[in-house]
Amino acid sequence: MSSTSGSYTYNQRSMPGGGGGGGGRGGTYDRWNQGGRQAPQLNYDNDEQQTQQRKTGHRRTVDYIGGVARWRHQRVTRPYMREPGVIRPKKAYIIDVFPPAVYPYHPLTSVTPKFVHASVNKMRHPVNLVRWTPEGRRILGASSSGEFTLWNGMSFNFETIMQAHDQSIRAGEWSHNDDWFLSGDQEGLVKYWQPNMNNVKVLAAHREAVRDISFSPTDTKFVTASDDSTLKIWNFNEGLEERSLQGHGWDVKCVDWHPTKGLIVSGSKDNLVKLWDPRTGKCLTTLHGHKNTITRAKFQPTRGDLLATSARDQTCRIFDIRMMRDVAVLRGSTVDITTLAWHPIHDSMIATGDYSGAIYFYLLDAFQSGSASSMAMYSSSTGSGTVNLAGGNSNHTSMTVADSGSAVGSNARSVEPIQTIAYGHESAIWSMEFHPMGHILCTGSNDKFTKFWCRARPGDEAAFQDTYHLGPEASAGGERHATHSGHF
């Protein structure tokens, strides 16, 4: 009896004395070896081999290490070369595709419309939250069952799962120093986690569900938003409440602390977006631009000049805190916008997800025909200035505003998506986040799947011809079912 790779094979030839059949004459071996015949081999792993044949195929991997190493090599060998060169639309030039940080003035190169992989647990539950770990090696998914699931950030395979909360997880955020992760659940509890997923503290923060969490720029404080219509500022080290921000008339659905300033934004079910001073706890201003529940409010992470808010009125609005005005309205969706994500490298790129499962990519400084008439133009008798939608880069399209005065015509221009994934998910997208390097977008949905999207390869004609762009009826071969199960 011998075992090879988990298969058990019965082989009389390998037994001493021919298997003991005939005292030294060779027994079974001699009888079966007459005429050149060999002893029979009984293989009991046919079912396993058939299963392996059905699972043949490769797992897609998005490895950014090669591009980073090649770019660093070029910086050493060609120190005076500022531009990485032109990416030609041929598959052989994929080696010349570098990380998004290499293309600061070409944000179109960082749009992530190509489907890579769909990950799902054995016990399927809606995915309420997705967050990349600070180093970008893993993605943390939080589900309505209270579980944390860690997926590999390059091969997207399962790594570990743990029961983090007893109730549905609704919020979570990493600290800026990458040392702590905070999570909030439906019961109103907030838990402290170390990077190894060790729970060290539990706070009874609110009477109702915690909907969002955000750290201060110094990580010494954090703010929570809850369905009890309040926001609370906490001392992180001591776990004590410092201040309660009251002013919303209904559930507070989202909150964000400015990346560099003492400024907090919140959005509520009362259709209002409020800006707060965390030092005094007073409301600085209230924005009335939306007509339905606010779903997300996020400051621009790169420069912090812009504020993006999404709502269930099918729009996403861009607010400039320097001018205290709406400067753009992102349109394209025909259903409620449920989430949004700023690109970590390009300050003019933003992605949104809606209730039907569609994903939209926008460039705030992209020229669109017919949009000039809808751009807000400001003037005054004292003079005029220029404010850039992308945050101050001279190579981007800018809009003229007044130093003081009122708007002439419309207050915000309409922006259409530059790329749409119309059938990204089968249900509402609850959370999305870009990889810290900006080359992958991860989305978590009510359809219980965590999906990954990357940049299309040069010359890849099939990148936009799959079921996620054309729909299940238009695409051929039933690709959707194959990709959902992880077969490629």
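The values are calculated or read from the model by the stated rules, or taken from the named source; none is laboratory data. Since this is a predicted model, take the numbers as computed values, not measurements. No Cβ is skipped: glycine too gets one built from the backbone with ideal geometry, and neighbour counts run over all protein chains shown. Keep in mind that these areas ignore ligands, DNA and RNA; they rest on the heavy atoms of the full protein, side chains included. Shrake-Rupley method; radii C 1.70, N 1.55, O 1.52, S 1.80 Å.
If you stretched the chain out fully between Arg72 and Phe464, how much longer would it get, using 0.36 nm times the residue separation minus the C-alpha to C-alpha distance?
Using 0.36 nm per residue and subtracting the Cα-Cα distance, I get 138.0 nm.
Kindly sort Tyr355, Tyr468 by accessible area of their heavy atoms, largest first, with the probe set to 1.4 Å.
Result of the area sort, largest leading: Tyr355, Tyr468.
Just by accessible area at a 1.4 angstrom probe, what is the order of Arg322, Arg455 from largest to smallest?
If we order Arg322, Arg455 from most to least accessible, we get Arg322, Arg455.
What are the ³J(HN,Hα) couplings of the range 88-104, residue after residue, when phi is run through the Karplus curve with 6.51, -1.76, 1.60 and θ = phi - 60°? Round to Hz, x for glycine and proline.
7, x, 9, 4, 5, 8, 5, 5, 8, 8, 10, x, x, 5, 6, 10, x
Quick one: which of Lys232/Lys448; Lys232/Lys269; Lys90/Lys448; Lys221/Lys282; Lys221/Lys448 span more than 24 angstrom between C-alpha atoms?
The pairs that break the limit, which is 24 Å between Cα atoms, are Lys232/Lys448; Lys90/Lys448; Lys221/Lys448.
In the range 240-281, which trypsin sites (Lys or Arg not before Pro) fall in coil by DSSP and have 11 or fewer other Cβ atoms within 10 Å?
Arg279
If I model a spin label at Tyr93 and Lys122 as a point 7 Å from the Cα along the Cα→Cβ vector, what separation in nanometres do I get?
Placing both labels 7 Å beyond Cα along the Cβ direction yields 4.7 nm.
FRET efficiency for Arg457 and Thr160, Cβ-Cβ distance as r, R0 = 45 Å, nearest 0.05?
For Arg457 and Thr160, the calculated efficiency is 0.90.
Just the accessible area for Ile345, please: 1.4 Å probe, Å², rounded to the nearest 10?
60 Å²
So, R0 is 45 Å and r is the distance between the beta-carbons of Val202 and Val86; what FRET efficiency does that work out to, to 0.05?
0.25
Tell me the net charge near Tyr93. Cut-off is 14 Å between Cβ atoms, Tyr93 excluded, with +1 for each Lys or Arg and -1 for each Asp or Glu.
+4
If I model a spin label at Ala474 and Thr280 as a point 7 Å from the Cα along the Cα→Cβ vector, what separation in nanometres do I get?
5.4 nm
How many nm separate the modelled label positions at Leu240 and Asp178, each set 7 Å beyond the Cα in the direction of the Cβ?
3.2 nm
Check cross-link reach from Lys298 to the aspartates and glutamates: straight Cα distance under 15 Å, and skip same-chain residues fewer than eight apart.
Glu173, Asp212, Asp256, Asp320, Asp326, Asp347, Glu433
Rounded, prolate or oblate: which fits the range 236-311, taking a ≥ b ≥ c as square roots of the Cα gyration tensor eigenvalues, rounded meaning a/c under 1.5, else prolate when a/b beats b/c?
It comes out oblate by the Cα gyration axes.
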